[in-house]
Amino acid sequence: MLGARSFVGFLLITDAARAKRFYGEVLGLPLLHEDDFAIVMDAGGTPLRLSIVAEVPEPSGTSAGWLVQDVNASARALATAGVTFERFPGMDQDSDGVWRPTPDGAGVAWFRDPDGNRLSLTNKP
């Protein structure tokens, strides 16, 4: 039913100006729209609606992620821009914070936006 329909991603934020700087300047996503309720960024052709709320709950997992050609190169580029990658006990993560191999053979690294949303970079083997 929805297989042929466009998808929109949603994340919660508390500060539109701060989120616009992070998603626009640090991650490089173009701004599509801004109003009193949200900012909308272009995440590789998919609208990412950053909805303004009073408080963002702690995520229980990954909220959104990007598929990249080279997860290590992408992680290093974001680290240079000030992004800190998360490390998890019991996971064999390399010096860039990349966990490999995942059960499907990919590499993945996690980081947070200024509101604490957990984001990821993943490459397929």
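Among the residues of segment 62-77, not a single one is more than 17 Å from R118 (Cβ to Cβ), small (G, A, S) and either touching a helix residue (DSSP H, G or I) at 6+ places or on another chain (Cβ under 6 Å) or in contact (Cβ under 8 Å) with a residue 24 or more places away in the chain (or both). If you check D92, D35, D115 for being exposed (fewer than 12 other Cβ atoms within 10 Å of the Cβ), over 11 Å from the mean Cα position of the chain (by Cα) and closer than 19 Å to D15 by Cβ, only one passes: D35.
Does V56 fit the bill of being surrounded by 12 or more Cβ atoms within 10 Å (Cβ to Cβ), in contact (Cβ under 8 Å) with a residue 24 or more places away in the chain and farther than 23 Å from T122 by Cα? For V56, the condition - surrounded by 12 or more Cβ atoms within 10 Å (Cβ to Cβ), in contact (Cβ under 8 Å) with a residue 24 or more places away in the chain and farther than 23 Å from T122 by Cα - is met.
Of everything in segment 1-59 that is among the small types (G, A, S) and touching a Phe, Trp or Tyr at 6+ places or on another chain (Cβ under 9 Å), the residue that is nearest to T84 (Cα to Cα) is A43.
Residues of segment 1-19 that are assigned to a helix (DSSP H, G or I) and under 13 Å from the mean Cα position of the chain (by Cα): A19 alone. Can L50 be described as touching a helix residue (DSSP H, G or I) at 6+ places or on another chain (Cβ under 6 Å) and of a type outside the set (V, I, T)? Here the answer is yes, as L50 does meet what is asked.
Does F22 meet the test of being aromatic (F, W, Y), surrounded by 14 or more Cβ atoms within 10 Å (Cβ to Cβ) and in the same structural domain as F111 (by TED's automatic domain parsing)? Spelling it out, it is not the case that F22 is aromatic (F, W, Y), surrounded by 14 or more Cβ atoms within 10 Å (Cβ to Cβ) and in the same structural domain as F111 (by TED's automatic domain parsing).
The values are calculated or read from the model by the stated rules, or taken from the named source; none is laboratory data. Owing to the predicted nature of the structure, the values given are computational and were not obtained by experimental measurement. Cβ coordinates were reconstructed from backbone atoms using ideal geometry, including for glycine residues, and neighbour counts include every protein chain displayed.
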